[in-house]
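The values are calculated or read from the model by the stated rules, or taken from the named source; none is laboratory data. These numbers come from a predicted model, not from an experiment. Reconstructed Cβ throughout: ideal geometry from the backbone, glycine too, with neighbour counts over all protein chains shown. Note: accessible area is taken over every heavy atom of the protein model, side chains too, but ligands, DNA and RNA are not part of it. Shrake-Rupley method; radii C 1.70, N 1.55, O 1.52, S 1.80 Å.
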Amino acid sequence: EAGVTQFPSHSVIEKGQTVTLRCDPISGHDNLYWYRRVMGKEIKFLLHFVKESKQDESGMPNNRFLAERTGGTYSTLKVQPAELEDSGVYFCASSQAHPMRPRGSPLHFGNGTRLTVT
Amino acid sequence: RKEVEQDPGPFNVPEGATVAFNCTYSNSASQSFFWYRQDCRKEPKLLMSVYSSGNEDGRFTAQLNRASQYISLLIRDSKLSDSATYLCVAYNYGQNFVFGPGTRLSVLP
């Protein structure tokens, strides 16, 4: 089975520019998550989709970040305009079943997009 | 205080050693727990889920103590390939997966 794929793997942009990250989850995984790791910090939750609906977007830093998941398949995360503090690695993850299963459904991560804002 | 805390590390151990990682979580409503490993500049990969009764997978043993809100990971007979950062993860419905800062392990020849 194909894993979670993310594109691009690296992106270097200038402050004020726009970047769009893409994530293709594992086929059949209804749950899609975006996470971010900035230098020296732990991985932080950004957003959770269940199919095409935003289940939880409490981790989104501000309104410069916009995530979509049209049709409940792939997802995009747009940062507009980018700021220096947005630099980090953006991970997408998916899981198969609803996480209320007694033992949870673990996350499967993509390779991440390393974003550098200069 | 972080919701999930781990030994700060790094741990440098010789091949063949036994090493234990500790993790505590502050949210008593956390329901599921996992250990992930992350190699340098790679994505986190699931190592094992942690069950209340404790569970073992080869050289790896995970324990959960809900009363103390404590999770552990024991690695026996360390291999060079075990060198990585180990992430403790707690899941709480409504708050999603919360990651600890990770503990870096270096297994030395």
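Points to keep in mind about this one:
- Look at (1) more than 11 Å from chain A (Cβ to nearest Cβ); (2) charged (D, E, K, R); (3) at positive phi and you find that B:D7 fails only one, number (3).
- Selected residue [touching a strand residue (DSSP E or B) at 6+ places or on another chain (Cβ under 9 Å) and either within 12 Å of another protein chain (Cβ to nearest Cβ) or touching a residue at least 60 places away in the same chain (Cβ under 8 Å) (or both)] from B:F33, B:F60: B:F33
To keep it simple, each residue is scored yes or no on (1) β-branched (V, I, T); (2) over 30 Å from B:T103 (Cα atoms); (3) at the interface with chain B (Cβ under 9 Å from one of its Cβ atoms); (4) part of a loop (DSSP other than H, G, I, E, B).
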{"site": "A:W34", "(1), (2), (3), (4)": "no, no, no, no"}
{"site": "A:H48", "(1), (2), (3), (4)": "no, no, yes, no"}
{"site": "A:P61", "(1), (2), (3), (4)": "no, no, no, yes"}
{"site": "A:P81", "(1), (2), (3), (4)": "no, yes, no, yes"}
{"site": "A:S94", "(1), (2), (3), (4)": "no, no, no, no"}
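- All positions within segment B:38-56 that are within 13 Å of chain A (Cβ to nearest Cβ), in a strand (DSSP E or B) and either within 23 Å of A:F45 (Cβ to Cβ) or open to solvent by 90 Å² or more (accessible area, probe 1.4 Å) (or both): B:Q38, B:P44, B:K45, B:L46, B:L47, B:M48, B:S49, B:V50
- Single condition A:K41 does not satisfy, out of (1) under 21 Å from B:P101 (Cβ atoms); (2) open to solvent by less than 30 Å² (accessible area, probe 1.4 Å): (2)
- Flag for B:V107 being among the aliphatic types (A, V, I, L, M), more than 15 Å from the chain's Cα centre (by Cα) and either in a strand (DSSP E or B) or away from chain A (no Cβ under 14 Å) (or both): yes
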